[in-house]
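Enquirer: A single structure is presented below for examination.
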């Protein structure tokens with residue numbers, strides 16, 4: 001705890017410091033001031049928990065100083081040091097503010113007891129204020145949640161909460177909703193709490209207040225309220241603040257809804273922020289988007305038509321081995337959809353899904369082997385589509401997959417049709433823990449024993465070895481992505497028993513899954 005000693009006599013201050021073992025009392029820092037004004041300056045900068053203060057000081061006496069202190073440090077405990085003649089002078093202040101005092105000449109034991117009492121009083125104030133703050137936060141969060149729903153469905157609840165929080169809503173009260181979308185769904189809660197409190201303090205400079213709620217783990221909703229519409233300067237400052245604070249959480253986007261007047265229209269501000277944020281997918285992380293930027297698609301615009309044109313042309317270029325045409329198609333897509341404010345992410349993901357499947361189907365037709373690290377199942381493609389935070393990521397994934405396709409063509413060595421069909425079937429079904437030799441042999445219309453012998457003669461390894469290696473390569477790929485739990489990875493690569501997966505992985509790599517992840521993510 002921090003202690004400030006305010007007394008115009010230096011000998012008194014130094015004597016106090018030397019007379020007690022302050023560390024044993026929990027005091028870790030001691031500051032000195034020679035008058036009330038100097039004491040206030042130190043209190044502003046250092047925020048002491050306890051103040052030992054002389055009653056009579058030059059420029060500003062102790063009583064005046066404490067009255068000023070209450071404005072910005074209401075939880076600080078004060079102990080007055082006073083002469084006998086000051087007793088009557090102190091009575092009113094002590095009664096009203098629960099301030100203690102010790103008489104001069106000072107007795108170290110009396111000082112010690114007073115400091116311990118002040119320490120307990122300060123901690124009790126902190127506990128009480130924390131309880132009050134938690135109660136207020138709960139109420140404001142509830143109100144923020146109600147603002148994300150139509151007003152007419154919650155008029156009574158909103159009115160009741162507004163009264164309990166003493167908001168003083170008027171017909172001219174304005175609201176502007178901001179929504180911040182994070183890539184991560186596990187932000188540091190302590191940082192979030194600090195941000196929320198600091199943001200509230202920041203807004204007081206603009207005579208605004210905020211109602212915050214976190215939705216679906218990655219969305220952080222801020223309803224900004226003022227007695228009138230915020231100025232462009234205030235809105236710009238808010239956006240700069242959010243941008244700076246959320247930068248510490250990684251990739252993010254900010255969507256700003258329309259500013260509305262009246263509590264009944266907050267839901268409109270919220271919904272316009274939601275629509276705005278959907279377009280953030282097409283921008284670089286850190287972008288701030290506004291409701292006014294979002295436009296309806298021009299007449300005749302149809303993403304399905306673009307898909308109908310792009311997908312067949314892309315497939316024809318793949319099958320023809322025409323790298324240049326594929327590159328041109330992809331460049332045209334990127335220039336068309338990057339930073340567009342008229343389409344929704346799912347519309348574009350549907351188109352890109354068809355393009356990914358074009359690559360997968362073309363590989364099968366050309367009998368090109370899949371590398372163990374590549375994902376070619378419909379499920380894995382859908383999973384990757386959903387995991388993309390931005391259009392840039394999605395497009396780059398397609399560009400990389402296209403390049404892998406042409407690299408396979410460049411290094412293509414004709415492979416036995418049966419071996420290709422076996423490997424292709426494994427690439428699409430390795431995640432099934434029930435995948436068996438019998439199932440694979442039925443797929444290629446061979447007996448299990450003949451297929452195993454044939455595979456060994458053609459590839460030099462047994463079918464079980466190939467399947468295990470394929471699964472281990474996939475596991476290594478998944479372990480390099482911190483989003484996946486090790487327990488989930490084992491099931492994703494065809495192991496229903498986590499312990500057996502760990503043993504198999506260690507035998508293959510020499511490291512346990514956790515050790516491998518620790519090494520690869522350093």
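The values are calculated or read from the model by the stated rules, or taken from the named source; none is laboratory data. Just so it is clear, the structure is predicted and the values come from calculations on it, not from any experiment. Cβ coordinates were reconstructed from backbone atoms using ideal geometry, including for glycine residues, and neighbour counts include every protein chain displayed.
Enquirer: Determine, yes or no, whether residue 507 is buried (at least 16 other Cβ atoms within 10 Å of the Cβ) and out of contact with any strand residue (DSSP E or B) (no Cβ under 8 Å at 6 or more places or on another chain).
Expert: no
Enquirer: Let me ask something else about it. Just to be sure I understand, how many residues within segment 74-92 are part of a helix (DSSP H, G or I) and either at pLDDT 80 or above or more than 9 Å from residue 55 (Cβ to Cβ) (or both)?
Expert: Looking only at that region, the number is 6.
Enquirer: Hey, residue 2 hits all of (1) crowded, with 18+ Cβ neighbours inside 10 Å; (2) in contact (Cβ under 8 Å) with a residue 40 or more places away in the chain but one; which does it fall short on?
Expert: Only one criterion in (1) crowded, with 18+ Cβ neighbours inside 10 Å; (2) in contact (Cβ under 8 Å) with a residue 40 or more places away in the chain is unmet by residue 2, namely (1).
Enquirer: Residues 259, 204, 248: which one is over 20 Å from the mean Cα position of the chain (by Cα) and surrounded by fewer than 12 Cβ atoms within 10 Å (Cβ to Cβ)?
Expert: Exactly one residue qualifies, and that residue is 204.
Enquirer: Tell me, please, whether a residue that is touching a helix residue (DSSP H, G or I) at 6+ places or on another chain (Cβ under 9 Å), surrounded by 13 or more Cβ atoms within 10 Å (Cβ to Cβ), within 19 Å of residue 106 (Cα to Cα) and modelled with pLDDT of 85 or more can be found in segment 38-48.
Expert: No, because not a single residue in segment 38-48 is touching a helix residue (DSSP H, G or I) at 6+ places or on another chain (Cβ under 9 Å), surrounded by 13 or more Cβ atoms within 10 Å (Cβ to Cβ), within 19 Å of residue 106 (Cα to Cα) and modelled with pLDDT of 85 or more.
Enquirer: Kindly evaluate residue 460 against the criterion of being at positive phi and either modelled with pLDDT under 90 or in the same structural domain as residue 388 (by TED's automatic domain parsing) (or both).
Expert: yes
Enquirer: Turning to a different aspect of this structure: Please verify whether residue 398 is buried (at least 16 other Cβ atoms within 10 Å of the Cβ), outside the structural domain of residue 330 (by TED's automatic domain parsing) and at pLDDT 90 or above, treating the condition exactly as stated.
Expert: The answer is no for residue 398.
Enquirer: What's the number of the condition residue 495 fails, among (1) outside any loop (DSSP other than H, G, I, E, B); (2) modelled with pLDDT of 90 or more?
Expert: Just one mismatch for residue 495, condition (1).
Enquirer: Now, a different point. Could you check, for segment 110-121, whether at least one of its residues is within 45 Å of the chain's Cα centre (by Cα), loosely packed, with under 15 Cβ neighbours inside 10 Å and at pLDDT below 85?
Expert: Yes.
Enquirer: In segment 195-208, how many are in a strand (DSSP E or B) and over 19 Å from residue 270 (Cβ atoms)?
Expert: Number satisfying all stated conditions: 0.
Enquirer: From the list 221, 158, pick out the single residue that is modelled with pLDDT of 95 or more and either outside any strand (DSSP E or B) or touching a strand residue (DSSP E or B) at 6+ places or on another chain (Cβ under 7 Å) (or both).
Expert: Testing whether each residue is modelled with pLDDT of 95 or more and either outside any strand (DSSP E or B) or touching a strand residue (DSSP E or B) at 6+ places or on another chain (Cβ under 7 Å) (or both) leaves just 221.
Enquirer: Under the condition of being without any contact (Cβ under 8 Å) to a residue 40 or more places away in the chain and closer than 27 Å to residue 185 by Cα, which residue from segment 214-235 is surrounded by the fewest Cβ atoms within 10 Å (Cβ to Cβ)?
Expert: Ranking the qualifying residues of segment 214-235, first place goes to 216.
Enquirer: Can you find, within segment 224-234, the residue that is farthest from residue 246 (Cα to Cα) among those that are out of contact with any strand residue (DSSP E or B) (no Cβ under 7 Å at 6 or more places or on another chain) and part of a loop (DSSP other than H, G, I, E, B)?
Expert: Looking at the filtered set, the residue picked out is 227.
Enquirer: If residue 183 meets every condition in (1) more than 30 Å from residue 484 (Cβ to Cβ); (2) modelled with pLDDT of 85 or more apart from one, which number is that one?
Expert: All conditions are met except number (1).
Enquirer: Give segment 451-476 a look and list any residue that's free of Cβ contacts under 8 Å to residues at least 12 places away in the same chain and either crowded, with 18+ Cβ neighbours inside 10 Å or more than 25 Å from residue 506 (Cβ to Cβ) (or both), or say none.
Expert: 453, 456, 457
Enquirer: Moving on to the next point. Please give the number of the condition residue 322 fails out of (1) within 30 Å of residue 260 (Cβ to Cβ); (2) modelled with pLDDT of 85 or more.
Expert: Result: residue 322 fails condition (1) only.
Enquirer: Quick one: which of 311, 299, 306, 317 is buried (at least 17 other Cβ atoms within 10 Å of the Cβ), more than 30 Å from the chain's Cα centre (by Cα) and either at pLDDT below 80 or not in a helix (DSSP H, G or I) (or both)?
Expert: 306
Enquirer: Taking only segment 209-218 into account, find how many residues are within 15 Å of residue 169 (Cβ to Cβ) and assigned to a loop (DSSP other than H, G, I, E, B).
Expert: Qualifying residue count, segment 209-218: 0.
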